[in-house]
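Worksheet: one structure, shown below.
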Amino acid sequence: QVREWKNEGSKRYMCTGRPGWLTVSLRVGKYKKIHKNIMINLMDVLEVDSERKVVRVEPLVTMGQLTAHLNPMGWTIPVVPELDDLTVGGLIMGTGIESSSHIYGLFQHTCVAYELVLADGSLVRCSPTENSDLFYAVPWSCGTLGFLVAAEIKMIPAKKYVKIHYEPVRGLQKICEKFTEESKKKENSFVEGLVYSLEEAVIMTGVLTDEAEQSKINRIGNYYKPWFFKHVEKYLKADRTGTEYIPSRHYYHRHTRSIFWELQDIIPFGNNPIFRYLFGWMVPPKISLLKLTQGEAIRKLYEQHHVVQDMLVPMKSLEKSIQTFHADLHVYPLWLCPFILPNNPGMVHPKGDEAELYVDIGAYGEPKRKQFEARASMRQMEKFVRSVHGFQMLYADCYMTREEFWDMFDGSLYHKLREQMNCKDAFPEVYDKICKAARH
């Protein structure tokens, strides 16, 4: 298809032909209508290499599909981002994170090779040792350097359960101290925080294990179970710590049924025990279905009165960041997920020469701040994130100017490769593809 596009005279930019409503991002990209759509229906797990501890997959393989395939073989991947429908391609070209990221980094840091079809129609494999510039430039590039057709991801042995410990913490300073302390411990397989108000949070730490106390097993993934964030909140309300054993696959997809806490805005009575028991098997509705069926008026309303944002900030700025989120948005719960950011080349790396501990702060829901105005409030947030050398996840609405965008991200390697590989006539620049100001 790419060679055909070349023979036709390379008149328009190319993009993947997957319809916008199918993606998990709430943004509907208008570029699909004007660009040359390249159909990439690659959705298979290609090879499980137990010797090298690597799984080779095609870009449309989803997290739900991958864990279902690997777990029975005794394997899993180090970072399993939360929602079942997230694809390998999206997690590499965008980004992905999970509560194991304080050990392994972002999803891209668990990948050992990519295979891409470039603008000239050639197929290239890249890794830290071959075509390394391209390997480091691909993550966060949103499909603007080439089409991903396969990826190799590290595997680790799977265990049956996650032994999870819930600890309510009160007082913002204490929350930040406790969260930082747990995130630094490599013996924690998982670290996650749910912040329910400026002064209240539950911090969870988990360890992978094959043994479990039968009386403490909680199969939270079963359709009739309470939504996970509501289950966690019980520990805060009762002001007590607790320990449970959750089957691993249930743990990895613990926020899937309630789409974190987005579903409470879509189905307000969704966590009611009667609804869960009778109709729980019907949720969550696919995000793609919600996008496909919502009209333009609803979408605009959602954009103005609803926030879905993940900001990645250095751990040392956590307290200041939560205060800023509280002042500008006032959305709760906030999701806290720690990750180690290695000093690799590419668009996203720490300011110094060393790997640095960062945290993803996720805000999903309706802002309760009286003066909330989507564009102005988000621009204020973006400015703060730039000031602490943080990054905004690119699946969300982004209101920065081009200069601000390249102030946040390091474009040096990306622009060099776009020049070298003649991408400028083949793909839009990443900014033009995702930012509001570019008005695609």
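Name the strands (runs of 3 or more DSSP E) wholly inside region 89-190 in which the number of residues that are touching a helix residue (DSSP H, G or I) at 6+ places or on another chain (Cβ under 8 Å) and over 20 Å from residue 254 (Cα atoms) is 2 or more.
Fully inside region 89-190 and qualifying: 111-117, 123-126, 147-154.
Give me the pairs, please: first residue somewhere in region 410-431 and in contact (Cβ under 8 Å) with a residue 40 or more places away in the chain, second residue anywhere and in a helix (DSSP H, G or I), beta-carbon distance under 7 Å, and either six or more positions apart or on two chains.
Here the result reads 413/133; 413/136; 413/137; 414/137; 417/133; 417/134; 417/137; 428/31, each pair linking region 410-431 to a residue that is in a helix (DSSP H, G or I).
Within region 378-398, can you find the residues that are among the small types (Gly, Ala, Ser) and crowded, with 19+ Cβ neighbours inside 10 Å?
Within region 378-398, 390, 396 qualify.
What is the residue count in region 35-47 for residues that are in a strand (DSSP E or B) and either open to solvent by less than 30 Å² (accessible area, probe 1.4 Å) or in contact with a His (Cβ under 8 Å, 6 or more places away or on another chain) (or both)?
2
Does any residue of region 141-158 turn out to be closer than 21 Å to residue 98 by Cβ and either in contact with an Asp or Glu (Cβ under 7 Å, 6 or more places away or on another chain) or among the acidic types (Asp, Glu) (or both)?
Taking every residue of region 141-158 in turn, at least one turns out to be closer than 21 Å to residue 98 by Cβ and either in contact with an Asp or Glu (Cβ under 7 Å, 6 or more places away or on another chain) or among the acidic types (Asp, Glu) (or both).
Examine region 268-279 for a residue that is open to solvent by 20 Å² or more (accessible area, probe 1.4 Å), assigned to a helix (DSSP H, G or I) and at pLDDT 95 or above, and state whether such a residue exists.
Checked against the condition, which is being open to solvent by 20 Å² or more (accessible area, probe 1.4 Å), assigned to a helix (DSSP H, G or I) and at pLDDT 95 or above, region 268-279 yields no hits at all.
Consider residue 230 carefully, then state whether it is assigned to a helix (DSSP H, G or I), touching a helix residue (DSSP H, G or I) at 6+ places or on another chain (Cβ under 9 Å) and of a type in the set (Lys, Arg).
So residue 230 passes the test.
Do you know which residues across region 225-239 are surrounded by fewer than 14 Cβ atoms within 10 Å (Cβ to Cβ) and either touching a Lys or Arg at 6+ places or on another chain (Cβ under 9 Å) or at positive phi (or both)?
The one that is surrounded by fewer than 14 Cβ atoms within 10 Å (Cβ to Cβ) and either touching a Lys or Arg at 6+ places or on another chain (Cβ under 9 Å) or at positive phi (or both): 239.
Just one of the numbered conditions (1) in contact (Cβ under 8 Å) with a residue 24 or more places away in the chain; (2) open to solvent by 20 Å² or more (accessible area, probe 1.4 Å); (3) not β-branched (Val, Ile, Thr) is not true of residue 179; which one?
Failed condition: (2).
Just the residues that are surrounded by fewer than 19 Cβ atoms within 10 Å (Cβ to Cβ), among the acidic types (Asp, Glu) and either in contact (Cβ under 8 Å) with a residue 12 or more places away in the chain or in contact with a strand residue (DSSP E or B) (Cβ under 8 Å, 6 or more places away or on another chain) (or both), please, taken from region 48-75.
49
So which residues in region 403-429 are surrounded by fewer than 21 Cβ atoms within 10 Å (Cβ to Cβ), among the basic types (Lys, Arg) and at pLDDT 95 or above?
The one that is surrounded by fewer than 21 Cβ atoms within 10 Å (Cβ to Cβ), among the basic types (Lys, Arg) and at pLDDT 95 or above: 416.
Being over 27 Å from residue 422 (Cβ atoms), modelled with pLDDT of 95 or more and surrounded by fewer than 23 Cβ atoms within 10 Å (Cβ to Cβ) is true for just one of 102, 165. Which residue is that?
Exactly one of 102, 165 is over 27 Å from residue 422 (Cβ atoms), modelled with pLDDT of 95 or more and surrounded by fewer than 23 Cβ atoms within 10 Å (Cβ to Cβ), namely 165.
Pairs needed: first member in region 380-398, free of Cβ contacts under 8 Å to residues at least 60 places away in the same chain; second member anywhere, crowded, with 17+ Cβ neighbours inside 10 Å and assigned to a helix (DSSP H, G or I); C-beta distance under 6 Å; at least 6 residues apart or different chains.
That search, which allows pairs on different chains as well, returns 380/328; 386/408; 398/434.
Take region 335-377 and flag every residue that is open to solvent by 10 Å² or more (accessible area, probe 1.4 Å) and outside any loop (DSSP other than H, G, I, E, B).
Those that are open to solvent by 10 Å² or more (accessible area, probe 1.4 Å) and outside any loop (DSSP other than H, G, I, E, B): 340, 356, 357, 364, 375, 376.
One residue is enough: does region 76-84 have a residue meeting the conditions surrounded by fewer than 22 Cβ atoms within 10 Å (Cβ to Cβ) and farther than 25 Å from residue 161 by Cα?
Within region 76-84, not a single residue is surrounded by fewer than 22 Cβ atoms within 10 Å (Cβ to Cβ) and farther than 25 Å from residue 161 by Cα.
Mind listing just one residue for me: the one in region 5-34 that is polar (S, T, N, Q) and outside any strand (DSSP E or B) and, of those, modelled with the highest pLDDT?
If we take residues in region 5-34 being polar (S, T, N, Q) and outside any strand (DSSP E or B), then 7 is modelled with the highest pLDDT.
Take the conditions under 26 Å from residue 262 (Cβ atoms), free of Cβ contacts under 8 Å to residues at least 40 places away in the same chain and in a helix (DSSP H, G or I) and apply them to residue 404. Does it pass?
Against the criterion (under 26 Å from residue 262 (Cβ atoms), free of Cβ contacts under 8 Å to residues at least 40 places away in the same chain and in a helix (DSSP H, G or I)), residue 404 does not qualify.
Which residues, taken from region 190-213, are open to solvent by 20 Å² or more (accessible area, probe 1.4 Å) and in contact (Cβ under 8 Å) with a residue 60 or more places away in the chain?
The answer is 196, 197, 198.
The values are calculated or read from the model by the stated rules, or taken from the named source; none is laboratory data. Predicted model only: the values in this text are computed from it and were never measured. Quick reminder, even Gly has a Cβ in these numbers, built from the backbone with ideal geometry, and neighbours come from all protein chains shown. Areas reflect the complete protein model, heavy atoms only, side chains present, ligands, DNA and RNA absent. Shrake-Rupley method; radii C 1.70, N 1.55, O 1.52, S 1.80 Å.
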